[in-house]
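The structure under discussion appears below in the form of structure tokens.
The values are calculated or read from the model by the stated rules, or taken from the named source; none is laboratory data. Computed from a prediction, not measured in an experiment: that's the story for all the values here. When we count neighbours, we look across all protein chains shown, and the Cβ atoms used for this are built from the backbone with ideal geometry, even at glycine.
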Amino acid sequence: MPFEVQDEGGRSRLRLHGRWTVAEAGADGLRLREAARAARGAVVVDATGVEALDLTGAWFLHSFERQSRDAGRGPAHSTARSSSWIS
């Protein structure tokens, strides 16, 4: 579940890439929660680099969205280019 957070002058972009599946969940879930707390301003979720997404990956993204929204930084979403979301 690789991702990076980029500061874009008053908002944060959560750029997702790779596989977001149960096999990759591990410690990245904790990193994602920490990123949700550390994000500055509004959060843009960019999923254009996601290669695969299963229920576990979707749950982590839902949790990130909820934490961001609870902190008043509700995310916007970029659409994914891949047609194979479910692995």
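Entry remark, the stretch 8-51: residues being in a strand (DSSP E or B), out of contact with any His (no Cβ under 9 Å at 6 or more places or on another chain) and closer than 18 Å to R69 by Cα number 7 in total. In this structure, does Q6 turn out to be out of contact with any Asp or Glu (no Cβ under 8 Å at 6 or more places or on another chain) and at pLDDT 85 or above? The answer is yes for Q6.
Among the residues that make up the stretch 52-74, is at least one of them modelled with pLDDT of 85 or more, part of a strand (DSSP E or B), aliphatic (A, V, I, L, M) and closer than 15 Å to W20 by Cα? Yes: one or more hits. Within the stretch 50-65, being farther than 23 Å from G10 by Cβ and either crowded, with 21+ Cβ neighbours inside 10 Å or out of contact with any Ser or Thr (no Cβ under 8 Å at 6 or more places or on another chain) (or both) holds for V50, L53, L55, G57, A58, W59, F60, H62, S63.
Quick one: in the stretch 16-36, of everything that is surrounded by 18 or more Cβ atoms within 10 Å (Cβ to Cβ) and touching a strand residue (DSSP E or B) at 6+ places or on another chain (Cβ under 6 Å), which residue is farthest from P2 (Cα to Cα)? Out of the qualifying residues, it is A35. Scanning the stretch 37-55 for residues that are of a type in the set (D, E) and either farther than 16 Å from E4 by Cβ or within 11 Å of the chain's Cα centre (by Cα) (or both) returns D46, D54. For the stretch 19-43, which residues satisfy the criterion of being under 14 Å from L61 (Cα atoms) and of a type in the set (G, A, S)? Of everything in the stretch 19-43, those that are under 14 Å from L61 (Cα atoms) and of a type in the set (G, A, S) turn out to be A25, G29, A35, A36.
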